[in-house]
Structure formats: C-alpha cells, structure tokens
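Working notes, beginning with the structure itself.
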Amino acid sequence: DVPENSWSAIKLGHQLGADLIEVDVQMSQDGVPFLRHNYQLPDGRWCHDVSWNELKELKIEGEPLPKLEDVLIWARDVHGTLSLDIKSLFSPAGNLTQTVIRLLERTNTKDKMLLLFMDHTELFYTKLAYPELTVRALLSGRLMNYRDYLQGIKADSVSIMYGMFRP
C-alpha cells in the first residue's frame, strides 16, 4: 500500500527482508538521476523535461520523488542491494548510465548494485567499459537462442517482460 519507487516502498522492502530492491532511474532536465517508473508526471509533463528543483517539490501519491544519490547512500549504510532499472529512453545514449556509474563510484556502491537495461546495446558497451559491474538484460521479445544472445551482449543475468510467455 505504498507508491512504487518511493522512500516508503524502499524502506518497507528492506524492513521485510528483501535481499534485492528494484528501482527505476530517470534523469531530470538538468541531469539529476531520480526514481520514477512512469516517464510522465500525473499532470502529463515528461519527467525529462522538468528540472530537479521542480521535481523535488512534487509529491506523487503523497510521496516526494527520491534522488538516486540519497538512495545509494542509504543502501550503502544499511548494507542493501539495489537493482537499478536504467530508464534511458529519453536521454542521449549512455548519458544516464554514465551519470549513474559516477554516482556509484562517488558513493562507493558499485559492488552492491545491479544495473538493468532494456537497451541491450547500452548494456553491452557498459559491460565492456566496466566489467566489474553486474548487468541484467530485460527481454521483451522472443529469441531463437537465449543463451548465445545473452552471452553475446555480456549480460550477467536476465529478466523476462511480463506477458512475454503464456501457458
């Protein structure tokens, strides 16, 4: 009964003993990574078109939008592990990922994070540049050979989109 990607949800997951908490990461107009699943705000504006100064004042379902840096520091301090879903649809190639990696380095959390990519080209180049990172591919289509594909893009793990498989 708490909004997704909110501080309440993150802390509740931790209190309930989750060993991995997935959050969605987007970037504001002025380059600040924050948590939100939907690309649009309730008023219809696109998140990437709004500055962090304005986003930090918003409340969605009564909750402020968490800043990624604050969440990483919290996770480090409570020894939590996060899966960061890199929502890069509206940012130039590699821009959000590079910003996230700089935050991981600054907060000393690279070893406790899993990066989830729907953009497999970005996953591949991220893994080549940072082989120590753990990356996960989000699959939304059917493949002829899952194993070879996932090895080829250097994915450490995989998630399957809801609805992709049916009985």
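The values are calculated or read from the model by the stated rules, or taken from the named source; none is laboratory data. On a predicted model such as this, the values are computed, not experimentally measured, just so you know. Virtual Cβ from ideal backbone geometry, glycine too; neighbours counted across all protein chains shown. For the accessible areas, the whole protein counts, side chains as well, though only heavy atoms, and no ligand, DNA or RNA atoms are used. Shrake-Rupley method; radii C 1.70, N 1.55, O 1.52, S 1.80 Å.
For the pairs Lys11/Lys67; Lys59/Lys112; Lys56/Lys127; Lys11/Lys87; Lys59/Lys110, note any where the Cα-Cα span goes beyond 20 Å.
Numbers: Lys11/Lys67 14 Å; Lys59/Lys112 28 Å; Lys56/Lys127 31 Å; Lys11/Lys87 22 Å; Lys59/Lys110 29 Å.
With Cα atoms farther than 20 Å apart: Lys59/Lys112; Lys56/Lys127; Lys11/Lys87; Lys59/Lys110.
Of the whole protein surface, Val78 contributes about 50 Å² of accessible area at a 1.4 Å probe radius.
Please give the net charge around Ser88, taking every other residue with its beta carbon less than 9 angstrom from that of Ser88, where Lys and Arg add +1 and Asp and Glu add -1. Could the numbers behind the result be given before it?
Values: positive: Lys87; negative: Asp119, Glu122.
Around Ser88, the surrounding residues sum to -1.
Which peptide among 46-58, 137-149 comes first, and what is the full order, when sorted by highest mean count of other Cβ atoms within 10 Å? Don't skip to the answer; put the middle values down first.
Working: 46-58: 14.8, 137-149: 12.0.
The packing order, highest mean first, is 46-58, 137-149.
Segment His14..Arg106, full-extension length gain: 30.8 nm, with 0.36 nm per residue of separation and the alpha-carbon distance subtracted. Would you please classify the overall shape of region 1-121 from the alpha carbon gyration tensor, given that a ≥ b ≥ c denote the square roots of the eigenvalues, rounded means a/c under 1.5, and beyond that prolate means a/b larger than b/c while oblate covers the rest? Here region 1-121 falls in the oblate category.
Antiparallel DSSP bridges in region 1-106: what percent, to the nearest 5? If we restrict to bridges inside region 1-106, about 60 percent are antiparallel.
Quick one: which residues, 5 or more positions from Leu116 or on another chain, have an amide H under 5 Å from its amide H? H modelled 1.01 Å from N in the peptide plane, none for Pro or chain starts. Placed amide hydrogens put Leu84, Asp85, Ile86, Arg136 under 5 Å from Leu116.
First select every other residue whose beta carbon is under 10 angstrom from the beta carbon of Val135; then total the charges, Lys and Arg +1, Asp and Glu -1. Display every interim value, and only then the final one.
On the way: positive: Lys127, Arg136, Lys154; negative: Glu122, Asp156.
Net charge around Val135: +1.
Count neighbours as other Cβ atoms within 10 Å of each site's Cβ, and list the chymotrypsin sites (Phe, Trp or Tyr not before Pro) in region 3-45 that are DSSP loop with at most 15 such neighbours. Before the final figure, lay out the partial values.
Values: sites: Trp7, Phe34, Tyr39; in loops: Tyr39.
In loop regions of region 3-45 (DSSP not H, G, I, E or B), the sparsely surrounded chymotrypsin sites (Phe, Trp or Tyr not before Pro) are Tyr39.
Of the GluC sites (Glu not before Pro) found in region 70-167, those that fall in a DSSP loop while having at most 10 other beta-carbon atoms within 10 Å are Glu132. Heavy-atom accessible area with a 1.4 Å probe sorts Val71, Val32, largest first, into Val32, Val71.
How much net charge surrounds Arg45 when only the other residues with a Cβ under 14 Å from the Cβ of Arg45 are counted, with Lys and Arg +1 and Asp and Glu -1?
Working: positive: Arg36; negative: Asp43, Asp49, Glu54, Glu57.
That works out to -3.
On a 1.4 Å probe surface of the protein chains, which of Lys59, Lys127 comes out largest in accessible area, and what is the full order?
Details: Lys59 140, Lys127 25 Å².
Ranked from most to least accessible, the order is Lys59, Lys127.
Over the chain, dividing the summed -39,500 (n - 2.57) contributions of all DSSP H runs of at least 4 residues by the number of residues returns a 222 nm mean residue ellipticity of -9000 deg cm²/dmol.
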